[in-house]
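Colleague: Please find one structure pasted underneath; my questions will follow.
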Amino acid sequence: MLIVLAGALTLLYRVLHKYHYHEIKDSIAKIPGWRLAACLGLTVLNYLLLIGYDLIAIRSIGHPLPLPKVALASFAGFATSYNLGALFGGTPVRIRLYSSFGMSAAEIVRMMVAIGTTFWVGVFTLAGLIFIIDPMPIPEPLHLAVSNVRPIGVVLLVLAVAYLCLPLIWRKPLQWHGHELLIPRFSTLVAQLVVSAADLMVAAASLYVILPDSISLSYPQFLGVYLLAVVAVILTHVPGGVGILELIILTFAATDSKPEVLAALVAFRVIYYLLPLGLAFGLLLNYELRMHSEKAQAVARNVGSVLGGVTPMVVSLGTMLAGAVLLFSGATPAVPERLHLVRSILSPGVVGLSHFLNSLIGGGLLLLGRGLQRRLDAAWWSAVVLLVAGIVVSLAKGFDYEEAIAASLVLAALVCARKQFYRKGSILRPAWSSGWIAAVGITLLCTVWLGLFSHKHYEFAEEQWWRFLFDPTAPAFLRALVGVAVLVVGFALAHTFSGRAAAKTTPATADELEPAAQIVARSPRTSSNLALLGDKILLFNDQQMAFIMYGIQGRCWISMGDPVGPEEEWSELVWEFREQCDRYDAWPVFYQVDPERVTLYLDQGYSLLKLGEEARVDASQFTLEGGPRKGLRQNRNRFEKEGFSFEIVPRENVAGLLPTLKAISDEWLAEKQASEKGFSLGYFDEPYLQRFPCAVVRAQGEVLAFANVWLAAGNEEFSIDLMRYRPNGPRGLMDYLFVELLLWGRAQGYHWFNLGMAPLSGIESRQLAPLWNKFASLLFRHGDRFYGFEGLREYKDKFDPVWTPKYLAARGGLALPRILADVTTLIGRKR
């Protein structure tokens with residue numbers, strides 16, 4: 001993409017080599033107001049027509065939605081796609097919005113295919129007709145085999161007619177690689193053609209109406225040129241078609257008034273691209289705040305956390321835009337009147353130094369965007385210092401008060417959001433994704449092009465390139481360009497060799513388990529003991545006070561629960577885990593997180609999915625008295641009369657029991673026809689079992705059942721993990737074990753007895769609930785043939801527990817089905 005953009009800008013520079021920067025500025029000022037108004041009106045009409053794409057797609061998949069929701073998704077999707085490209089803009093925005101409207105991943109994919117098909121039907125049909133009826137000549141510099149576009153039109157029209165006739169001659173679904181492709185109805189195809197053709201004609205008209213009268217193309221011919229430009233923009237994937245659209249229009253518009261044409265294109269970009277993008281950004285921000293505020297009220301009762309999650313991204317983008325403005329300002333000549341005013345106050349050396357520093361500051365702000373998005377304290381301080389300096393040098397280099405005002409607004413936003421930038425760390429450490437690199441690269445390429453074009457009057461003779469630093473007649477832009485290049489290359493090298501520790505991808509060693517055991521011993525939650533199983537990778541913080549335990553399955557790095565250790569260490573540890581995932585292009589996932597901590601994950605932009613509910617019995621209040629406990633009381637009395645006994649074997653004595661426990665475990669697995677699982681629950685491992693006391697039930701001295709016992713710090717909680725019994729044991733054996741264990745825990749002063757999670761329980765299925773809630777609720781009620789979801793909930797309800805929700809924190813949208821599959825695979829992996 002960057003190579004294509006560089007090539008397009010080079011060709012565009014050659015097309016405009018005869019014209020001066022000031023000619024284009026003057027041409028923009030001379031555009032008649034009625035042309036601007038007409039362009040704006042046609043733009044509004046065009047975006048209204050674009051809603052038809054989504055309406056047709058919604059109709060084709062049979063998932064009706066209210067018109068306001070469809071209009072929001074359509075407008076935001078197209079506005080971001082036109083400016084940022086489908087890959088970085090339109091597709092993610094549509095996935096985000098339609099998934100929040102309750103659509104499944106499969107429905108969204110079908111809808112996106114329908115939207116794309118609608119567009120190409122219009123392009124093929126309209127371009128075919130235009131190219132045949134009024135073929136435009138192909139410019140000689142392109143050196144193509146044909147002199148005009150009529151042959152291309154014939155091919156396109158044949159393809160379009162074949163598609164439109166398909167439902168008339170073939171009504172069965174098409175088979176492709178084992179998948180069925182449904183043929184749309186003829187009425188749907190006609191609607192696709194009408195909407196797409198109207199969209200393209202109005203879009204072309206909104207540009208045509210603002211072009212000067214001197215262009216030699218009629219509207220039908222210009223429509224063909226516009227279609228070529230649109231297709232080229234889509235195929236090259238350059239965001240916004242920067243340089244591509246301008247190059248094609250200027251190449252085919254045979255006129256001597258190219259500055260006027262380029263001025264019209266600049267005005268068109270502002271009206272058709274940037275204004276809708278700003279409006280779409282505001283609508284998306286408002287929607288996200290409303291949606292997340294409802295979630296926060298239901299889950300965390302804390303709207304401030306949502307604002308905290310949105311602010312860093314907004315501020316980082318604003319900082320990068322401020323940097324781009326300073327770079328573009330440094331690449332163009334100053335306004336002569338303002339420059340004379342500044343030089344009457346400051347010396348030429350100070351003015352020249354200010355110009356140089358202005359570009360360096362712009363490059364620095366551009367590079368700080370990623371650190372701000374990662375909430376780094378160092379990035380915040382650096383951005384504040386650079387923005388203050390940018391305000392000063394903008395005024396000193398040519399009294400550019402517009403740039404100073406823009407920098408001041410971003411500075412004010414940074415200062416107001418100070419509390420959101422709390423992370424300690426180097427600005428060199430955040431992993432740079434391809435999207436961020438592309439954004440910086442596009443900005444720098446456009447800056448170079450703008451600077452070279454604005455200073456064409458200066459002879460860039462080959463022998464002068466090494467002398468321009470000392471040549472007083474050379475443009476200050478050249479010195480600034482070298483400075484920015486040195487800054488960017490230096491930053492890239494420092495980032496590459498910043499000494500980042502490699503991410504761990506192998507399970508914890510014995511040396512790592514010992515410090516982990518000390519941290520676990522101080523944890524108030526028994527689930528922390530899963531770290532000692534030895535099947536997980538451990539990520540410690542720098543102080544070795546806390547850790548995250550995780551496993552890797554496919555692209556997902558899955559953390560088992562919340563971090564373990566003091567809560568004040570969690571935030572930085574979660575960020576470190578996320579950045580390690582970024583370096584490996586992995587997806588961070590947090591499985592079974594507590595509701596009290598959801599703000600930690602909302603704050604970083606994760607989506608939350610309810611997995612089920614965890615049962616915790618108040619052991620301090622547990623008793624067998626009363627009618628509701630009659631069954632448990634009678635069961636215990638029966639086992640005591642039959643000579644059964646309960647015992648807690650200290651961890652020091654567990655080693656001697658291991659052969660017996662192993663035999664019981666093997667019998668249980670054979671009877672269940674199951675294999676050992678792991679990750680979220682323990683399996684039979686002798687070193688692991690010797691770390692804990694063991695609860696056993698005996699009959700005439702023979703062990704019939706056992707369970708290892710987890711004990712949390714401060715007597716806050718106790719629980720069991722690996723639970724096995726002999727298949728020939730009497731009915732009610734495990735009820736007896738649980739009751740005796742609860743009574744033992746109460747006697748030892750423990751508060752809670754954790755019975756573990758009941759998957760999919762407590763998930764409500766209402767008419768407007770998300771699709772996951774409806775599916776999970778249905779599986780909970782009718783999925784007993786696969787897993788005893790409802791039966792497990794009923795069993796634990798006998799002990800009158802307090803039910804607490806558990807969540808999955810991960811990215812949402814189309815990635816969610818794959819994430820759930822990877823989590824299931826990791827848990828079910830044979831040991």
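The values are calculated or read from the model by the stated rules, or taken from the named source; none is laboratory data. Every value quoted in this text rests on a predicted model; they were computed, and no experiment measured them. Backbone-built Cβ (ideal geometry, glycine too); neighbour counts: all protein chains shown. Please note that ligands, DNA and RNA were not included when accessible areas were found on the heavy atoms of the full protein model with its side chains. Shrake-Rupley method; radii C 1.70, N 1.55, O 1.52, S 1.80 Å.
Colleague: Could you give me the ³J(HN,Hα) list for the stretch 92-102, computed from phi with Karplus coefficients 6.51, -1.76, 1.60 and θ = phi - 60°, whole Hz, x at Gly and Pro?
Modeller: x, 5, 5, 4, 4, 6, 5, 5, 6, 7, x
Colleague: Okay, moving on. Whenever you get a sec, compute what percent of the accessible area on the stretch 710-758 sits on carbon and sulfur atoms (1.4 Å probe).
Modeller: Details: 810 of 1790 Å².
Ligands and nucleic acids excluded, carbon and sulfur reach 45 percent.
Colleague: Using a 1.4 angstrom probe, figure out how much accessible area the stretch 667-759 has per residue, in square angstrom, rounded to the nearest whole.
Modeller: Here the residues of the stretch 667-759 average 38 Å² of exposed surface.
Colleague: How many times 2.2 N^0.38 Å is the alpha carbon radius of gyration of the stretch 19-123?
Modeller: 1.36
Colleague: If you stretched the chain out fully between Val335 and Lys641, how much longer would it get, using 0.36 nm times the residue separation minus the C-alpha to C-alpha distance?
Modeller: Extra length available between Val335 and Lys641 comes to 100.1 nm.
Colleague: Obtain the nm distance between the two label points defined at Asp511 and Ile133 by a simple spin-label model: each point lies 7 Å from its Cα along the Cα-to-C-beta direction.
Modeller: 7.8
Colleague: Looking at this model, which pairs from Lys630/Lys672; Lys30/Lys258; Lys672/Lys806; Lys258/Lys397 are more than 23 angstrom apart at the alpha-carbon?
Modeller: From the list (Lys630/Lys672; Lys30/Lys258; Lys672/Lys806; Lys258/Lys397), the Cα-Cα distance tops 23 Å for Lys630/Lys672; Lys672/Lys806; Lys258/Lys397.
Colleague: Can you give me the Cα centroid spacing of the stretch 609-647 and the stretch 258-279 in angstrom?
Modeller: Using only Cα atoms, the two centres lie 73 Å from each other.
Colleague: Any idea of His355's accessible area? Nearest 10 Å², probe 1.4 Å.
Modeller: 30
Colleague: At a Förster distance of 60 Å, what's the computed FRET efficiency of Thr824 paired with Val486, Cβ-Cβ distance as r, to 0.05?
Modeller: 0.75
Colleague: Here's something else I'd like to know. So, with a 1.4 angstrom probe, what is the percent of accessible area on the stretch 577-692 that is carbon and sulfur?
Modeller: 45
Colleague: How much accessible area per residue does the stretch 517-597 have, counting only protein heavy atoms and a probe of 1.4 Å, in square angstrom?
Modeller: Per residue, the stretch 517-597 has 33 Å² of solvent-accessible surface.
Colleague: Quick check: the distance between the Cα centres of the stretch 80-130 and the stretch 814-829, to the nearest angstrom?
Modeller: Using only Cα atoms, the two centres lie 27 Å from each other.
Colleague: For Trp710, which sequence-distant residues (separation of 5 or more, or a different chain) have an amide H within less than 5 Å of its own amide H, given hydrogens modelled in the peptide plane?
Modeller: Ser719, Ile720, Asp721
Colleague: Cβ under 14 Å from Met111's Cβ, Met111 left aside: what net charge do those residues give with Lys, Arg +1 and Asp, Glu -1?
Modeller: It works out to a net charge of +3.
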